[in-house]
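Undergrad: Just dropping this structure here.
The values are calculated or read from the model by the stated rules, or taken from the named source; none is laboratory data. Since the structure is predicted, the reported quantities are computational estimates derived from the model, not experimental observations. Heads up, the Cβs are rebuilt from the backbone with ideal geometry, glycines too, and the neighbour counts pull from every protein chain shown. Ligands, DNA and RNA are excluded from the accessible area calculation, which covers all protein heavy atoms including side chains. Shrake-Rupley method; radii C 1.70, N 1.55, O 1.52, S 1.80 Å.
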Amino acid sequence: MNTPTKIAILVLSLTLLASAGLNFFTMMDLMPTRYQQKSLRALLGLFLEATGQSLPQHSQTVSPSAISRFLNHYQWSVRAIIRVVRVEIIRQVKAERGLGRRPILTVILDLTTLEKVGKFSGLGKLIRVYNGQRGLHLVVLYVQVGRSRIPWGFRVYRGKEELSPIKLGQRLLKTLPKTLTAHYEIRILGDSAFGSIEMLKWVKKQPRTSGIFGLTERSHPKFSSPARF
């Protein structure tokens, strides 16, 4: 996978390390060499310190070139980290489940723009202008666990000629495992980026699923925001 994808997966993991209790040593064990473990430890430290100085040159333990090799050349398994993160999310969702009627699992679709200024050759055509903002546009699916909103997955919006944010959101929702969808009522929350008749009809066809979306007059003049199905 490319460098932006690796960084996004590490940021997702950091969310769990900071707020949801993902075991730090579990992530370390996924690195095939002690050099990669050292680079990952340094990179996570830069983010977790939250000083606003997360660039590789601010590391006190490894060189910037070592972090660059870790992100760009070393063949550690991104998918393995994704699996570990998702297992932990599922565990915490189940731990929150109470007794009685089928519980509701709230998931949130969000279209986020990571604004970029200048040239980014490594990102190629992924940098686009959308809704007046230039940057990397991500459709992110969050799972609500208690008071925490934890990222489950993301897709990059690549422009009008590719899949729309609505289609990307639907694909992300399909990644929720049966261990969740079969035992929970899924309630989807989304803003006006996902508020369309297409999305509402799709939600209506899904078993044990409802949705609340923001709608604009442009998307459908007959509905007032928000609309619920």
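Undergrad: Given the criteria in contact (Cβ under 8 Å) with a residue 12 or more places away in the chain, crowded, with 17+ Cβ neighbours inside 10 Å and farther than 27 Å from ILE186 by Cα, does LEU126 qualify?
TA: So LEU126 passes the test.
Undergrad: Among the residues that make up the range 160-172, is at least one of them surrounded by fewer than 16 Cβ atoms within 10 Å (Cβ to Cβ), under 20 Å from the mean Cα position of the chain (by Cα) and either modelled with pLDDT under 90 or part of a strand (DSSP E or B) (or both)?
TA: Within the range 160-172, one or more residues are surrounded by fewer than 16 Cβ atoms within 10 Å (Cβ to Cβ), under 20 Å from the mean Cα position of the chain (by Cα) and either modelled with pLDDT under 90 or part of a strand (DSSP E or B) (or both).
Undergrad: Just to check your reading of the model, which residue among THR113, THR106 is at negative phi, in a strand (DSSP E or B) and modelled with pLDDT of 85 or more?
TA: Values: THR113 fails: modelled with pLDDT of 85 or more.
Matching residue, one of THR113, THR106: THR106.
Undergrad: How do the pairs read when you match residues in the range 82-94 that are open to solvent by 30 Å² or more (accessible area, probe 1.4 Å) with residues anywhere that are modelled with pLDDT under 85 and of a type in the set (Ser, Thr, Tyr), using Cβ under 7 Å and keeping only pairs 6 or more apart or on different chains?
TA: Listed by first residue and then by second, the contacts come to VAL84/THR26.
Undergrad: Sticking with this structure for a sec: Could you check how many residues of the range 180-189 are in contact with a helix residue (DSSP H, G or I) (Cβ under 7 Å, 6 or more places away or on another chain) and either more than 8 Å from GLY211 (Cα to Cα) or open to solvent by 60 Å² or more (accessible area, probe 1.4 Å) (or both)?
TA: Selection size over the range 180-189: 1.
Undergrad: Let me ask something additional. Count, please, the residues in the range 190-207 that happen to be part of a loop (DSSP other than H, G, I, E, B) and either buried (at least 19 other Cβ atoms within 10 Å of the Cβ) or charged (D, E, K, R) (or both).
TA: Adding up the residues that qualify gives 5.
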